[in-house]
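The values are calculated or read from the model by the stated rules, or taken from the named source; none is laboratory data. The structure displayed is predicted, hence computed values, not measured ones. Cβ coordinates were reconstructed from backbone atoms using ideal geometry, including for glycine residues, and neighbour counts include every protein chain displayed.
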Amino acid sequence: MRIPLIALLSGVLVSTLLAGTAGAAVTTGPLAPVPTGKAALTANPIYKTGKLEPDACPEQPVYNDDLESAEAYLSFALDCLNEGWKYQFSKAKLPFSKPTFVVTSRLGVPTGCGKFPKGAQAVYCSLNKKITFYLSKGILSQATELFLLQTLAHEYGHHVQQLSGILPTVFKRKYKNDRAYLADLRRVELQAECLSGAFIGSIWRSLGRRESDFRYVLSAAYSTATHGTAKNIAYWVTRGFKQETPGSCDTFSAPKSRVA
């Protein structure tokens, strides 16, 4: 029996994709309609916006096993994500709105798409466009690594997909079988990985990090039915990181071997 999409766990860092509809948007200037259908997936205006151009985003102080500093770190990183992607949406002439963001230190809190599930690190619910981030003991123990930033940037990638019409298009599709269903889900999740890499690449020079820090995050990738192989996860994160563009993340035009 097929598991409802709204309940599927995702993630190289075990994030969750939860389905829904877009809410009200903040708009500036004349806007194009949000694309639908195949155009949303393979000819999306967000793909044509060039490199991400956020302001410098130096990381805030964060300490292992310290909840308060991790919360402050994520809040600042979210501001950078909002600024970077807002500008990208303005170039695409698409409506933009910020996601709601909640940090929790316990499981089971409401997300808008049900309770926060066991085994997840962060979830995005597009019913209310909210990211809920679980600061577990595991991720707090490695708070000085890039896991906090990459996980948040991945969930924000789902927000980008929602606002640009990608998620609504996928969620409206009818699937003949589980194989087709999971194939599209992998394209969604691998795209979010790529979008996280594009953002991190765009601010990399301001982070003061070493290349080994990025490689360490890639080493955490593991194969799952919803995300694909560890090799493909690393490929898409790295592709986004090197090119720094949403256009590098068109997983829906990629060959099957790259989204397996």
Per-region count, segment 231-256, residues farther than 14 Å from Ser196 by Cα and without any contact (Cβ under 8 Å) to a residue 24 or more places away in the chain: 2
Candidate set: segment 197-244, residues that are surrounded by fewer than 19 Cβ atoms within 10 Å (Cβ to Cβ) and basic (Lys, Arg); chosen: the one farthest from Pro54 (Cα to Cα): Lys231
Filtered residues of segment 221-258 (kept if touching a Cys at 6+ places or on another chain (Cβ under 8 Å) and either in a strand (DSSP E or B) or among the hydroxyl-bearing types (Ser, Thr, Tyr) (or both)): Ser248, Thr251
Set Thr251, Thr238, Thr245, Thr224: member being closer than 20 Å to Gly37 by Cα and polar (S, T, N, Q): Thr251
Test set (1) outside any helix (DSSP H, G or I); (2) modelled with pLDDT under 75; (3) more than 18 Å from Ala198 (Cβ to Cβ) - Ile6 fails condition number: (1)
Pair list, Cβ < 8 Å and 6+ apart or interchain, from segment 36-53 residues that are within 10 Å of Ser164 (Cβ to Cβ) and in contact (Cβ under 8 Å) with a residue 40 or more places away in the chain to residues that are loosely packed, with under 15 Cβ neighbours inside 10 Å and of a type in the set (A, V, I, L, M): Pro45/Ala32
Residues within segment 203-220 that are without any contact (Cβ under 8 Å) to a residue 12 or more places away in the chain and either assigned to a loop (DSSP other than H, G, I, E, B) or hydrophobic (A, V, I, L, M, F, W, C) (or both), tallied: 2
Of the criteria (1) in contact (Cβ under 8 Å) with a residue 40 or more places away in the chain; (2) more than 17 Å from Thr151 (Cα to Cα), which one Lys172 fails: (1)
